[in-house]
Amino acid sequence: MADASISPEPMAVPENGPSVLRRLARRKLAILGLLIILICVGGAVFARWLAPFDPYEQFFDGLTLEGAPLSPNENFWFGTDLLGRDLFSRILYGAQTSLIIGLVANGTALIIGTLVGVTAGYFRGIVGAVLMRFTDLMMAFPALLLAICLAAIFSPSLWIVAMVIAFVNWVQTARVIFTQTSSLAERDYIAAEKTLGAGHGRIVFKHILPHLIPTLIVWGTLGISTTVLLEATLSFLGIGVQPPIPSWGNIIFENQTYFQSAPWLVFIPGAAILLLALAFNLVGDALRDILDPTQQGRD
Amino acid sequence: MAAYIVRRLIQSALILLGVSFITFVLLYVLPADPVRQIAGRSATAATVESIRQQLGLDQPFLVQYGNYLLNLIQGDFGRSYLQKTEVAQLIVSRLPATLLLLVAAIACELLIGLPLGIVAALNRGKMIDNGLMLTSFLTVSAPQFVVALLLLFVFAVKLGWFPIGGYGTFAHIVLPAVTLGILGSGWYSRIMRSSMVDVLRADFIRTARAKGLGRSKVILGHALPNAILPIIAMIGIDIGLFMSGIVVVESVFGWPGIGQLAWQAIQRVDIPIIMGVTLVSACGIVLGNLIADLISPLIDPRIKLR
């Protein structure tokens, strides 16, 4: 029975798996980015073993006699926060928050964007037009204002923050995927497949989606950077991930009253946010140069 | 051209209509109850109901939205629930501060971004180019509030050169404008660099060099005026980016613009203000994009209006 099926067809994606990594390894900035991501992921995954203290424990000796946070010392490497908790441990656990939100929010945004973009680009018609007009509309939305509004009004939790971010971040992906899909859908081999009687599902999954993978990888990487920044901003305003769960943004939010006397409480988590966002931008940009043929030779 | 502008204006109006509808829906379905906010925790059920009636919040959704639109067409954004003032009045009183910051911020972005982009393009592939491009990545990746707090810490707290926040004198605008300037500069420097690199490869530059023109004349007289063109259209898009990010900077620096107004309103679920600021910001974004699209073909005849 199975013999009736045609022999597996050649992969639609050009074989650029190993060479992408090799080309990535040739770029110094991309290596720097990968290294930061690796450290961050390592810190998040092994936080439980790496953290010298419990991130929630308020140490009796973690505050000065006047009740002020301690500056970095040999016991508390990054100092302590306003409640006498170890900042280094909180930063490590905060990496978990940033990465979870980065992956979940950005993954969701990518899925929504791809669904909208492919549907609009492949099927066109009224559905396509409506979807793309809706995308245009979302482009005109003051995104941060919308996110702040949503996050403030829902009682925020990790997952709600992730969904809010996904809700404002899918638009760019949808536009890029739409443009690519509509040009792919015009190709002769798609017409040929249709003539041969292939269904929409087969065409979309076998002939459209594989071609979109490079774009999705690039946008997936760059998008994490946007997401990390957005989460940090929401948490900084006090409407993102809620304390006591540590997030780099809410560490700054909690401690900003001490910002003049204990600046490390603001600038260490600030630097962590910056480095993580930078890392994904560096890697994403390098991937775009490598994977996008129109960018070649333009650097 | 005229037909194109008319079509784009109609499109823009439709987009704004859509923005108003979606914002209205979101604020309607969200679990926050403005009436509870106004009445306070100890209010009786009867008081809550009468306030609800007064504000027209007991009406069905479409009636509420229809009334809002009808008023909006007449320039009436409604009244703030808590401040008891006309929203339009509040926005008009706050808008000049935001616009001032907008102009100052974009000026800073250009002042920082363009020279860096030009220097990078002229030194393409060298250390200085790599360094500048890494810097541009850093600025693009920096969280707005961290840069704002860093500048505040160094220049206001430690050095005391500028006030910590507020509004009124030239000194007040420096730090917020520079914050936004640093953040936006990376974007401009990268566009400037790639535009300059393209122009420097063009035939007319080779001709100018072949004529025997000096390096500085070729760069300043021939390359720069052509390379800078795409930047002008970018400013339009930048206005949109500015409008959507204004909340954070204004609240960190205590800048009394519409971003701060929105942030205060969000915390108190003052829906008419949230709606108003969202619409005004969306107007800014739509207008900015329209300007960008209108300017592009004037600058580069190869781009056609569609």
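Readers should treat all values here as calculations from the given coordinates under stated rules, not as data from a laboratory. From a predicted model like this one, the values you see are computed outputs, not experimental measurements. So basically every Cβ, Gly included, is an ideal-geometry build from the backbone, and we count neighbours across all protein chains shown.
A few remarks follow.
- Under 17 Å from the Cα of residue A:28 - lysines, other chains or at least 8 residues apart: B:126
- Residues whose amide H lies under 5 Å from that of residue B:79, counting only those 5 or more places away or on a different chain, are B:87; hydrogens are built 1.01 Å from N in the peptide plane.
- The range B:42-102: mean projected area of Cα convex hull, nm²: 6.0 nm²
- Environment charge of residue A:248, counting only residues whose C-beta is closer than 13 Å and scoring Lys/Arg +1, Asp/Glu -1: -2
- The range B:1-134 - charge dipole about Cα centre, Lys and Arg +1 at Cβ, Asp and Glu -1, debye rounded to 20: 200 debye
- Using the alpha-carbon positions of the range B:170-306, Rg (one decimal) and Dmax (whole number) come out as 20.0, 67 Å.
- Phi angles of the range A:235-252 translate, via the Karplus equation with coefficients 6.51, -1.76, 1.60 and θ = phi - 60°, into HN-Hα couplings of 5, 4, 7, x, 10, x, 5, 8, x, x, 4, x, 9, 4, x, 7, 4, 5 Hz per residue; Gly and Pro are given as x.
- Residue order, fewest to most surrounding Cβ atoms within 10 angstrom, among A:225, A:235, B:281, B:93: B:93, A:225, B:281, A:235
- By other beta-carbon atoms within 10 Å, ranking B:196, B:1 with the fewest at the front produces B:1, B:196.
- Calculated P(r) of chain A - Cα pairs past 36 Å, %: 30 percent
- Measuring nothing but alpha carbons in the range A:147-239 and taking Rh as the Kirkwood radius, the Rg to Rh ratio lands at 1.18.
- Taking every alpha-carbon pair in the range A:65-134 and binning the separations at 5 Å intervals from zero gives 3, 15, 13, 10, 8, 8, 7, 6, 6, 7, 7, 6, 3, 1, 0 percent.
- Spin-label pair residue B:25-residue B:82: with each label point 7 Å from Cα along the Cα-Cβ axis, the two points sit 2.8 nm from one another.
- The Kirkwood hydrodynamic radius of the range B:5-91, based on inverse pair distances between different Cα atoms, is 14.7 Å.
- For residues of A:280-289, the mean tally of beta carbons on other chains within 10 Å: 2
- Relative contact order (percent, whole number), chain A, Cα cutoff 8 Å, 6+ residue spacing: 24 percent
- For the range B:117-192, the set of chymotrypsin sites (Phe, Trp or Tyr not before Pro) satisfying both a DSSP loop assignment and a count of at most 12 other C-beta atoms within 10 Å is given as B:161.
- Counts of other chain beta carbons within 10 angstrom of each beta carbon in peptide B:129-142 average 4.
- In Å, descending, principal axis extents of the Cα set of chain B: 87, 56, 30
- Based on the Stokes-Einstein relation at 25 °C and a viscosity of 0.890 mPa s, and on the Kirkwood radius from alpha carbon pairs, the range B:1-51 is assigned a translational diffusion coefficient of 175 µm²/s.
- Neighbour net charge for residue A:84 - beta-carbon separation under 11 angstrom, K R +1, D E -1: -3
- Acute angle (nearest 10 degrees) that the helix A:87-118 long axis makes with the longest principal axis of chain A, alpha-carbon atoms: 20 degrees
- Set of lysines with alpha-carbon distance to residue A:194 below 27 Å, sequence-local pairs under 8 removed: A:206
- Within chain B, helix-based [θ] at 222 nm, where runs of 4 or more DSSP H residues each add -39,500 (n - 2.57), nearest 500: -24500 deg cm²/dmol
- With the gyration tensor restricted to C-alpha atoms of the range B:51-150, the semi-axes of the equivalent ellipsoid amount to 49, 15, 14 Å, longest first.
- Between the helical axis of B:45-54 and the longest alpha-carbon principal axis of chain B there is an angle of about 60 degrees.
- Ordered by the count of other Cβ atoms within 10 Å of each Cβ, fewest first, A:195, A:97 give A:195, A:97.
- Compactness relative to 2.2 N^0.38 Å, alpha carbon Rg of the range B:101-231: 1.26
- Volume per residue that the Cα convex hull of the protein assembly as shown spans, once the total is divided by residue count, Å³: 224 Å³
- Dipole magnitude of chain B, debye to nearest 20 (Cβ charges: Lys/Arg +1, Asp/Glu -1, about Cα centre): 1140 debye
- Helix-only [θ]222 nm of chain A, DSSP H runs n ≥ 4, -39500 (n - 2.57) each, per residue, nearest 500: -21000 deg cm²/dmol
- Nearest-ten-degree value, helix A:143-153 long axis tilted from longest Cα axis of chain A: 60 degrees
- D by Stokes-Einstein for the range A:196-249, Kirkwood Rh over Cα pairs, 4 °C, 1.567 mPa s: 93 µm²/s.
- Note on the range A:235-294: the alpha carbon radius of gyration divided by the globular reference 2.2 N^0.38 Å gives 1.52.
- The reciprocal of the average 1/r between distinct C-alpha atoms defines the Kirkwood hydrodynamic radius, which for the range B:255-297 equals 11.5 Å.
- For residue B:245, net neighbour charge (Lys/Arg +1, Asp/Glu -1) across residues whose Cβ lies under 14 Å away: -3
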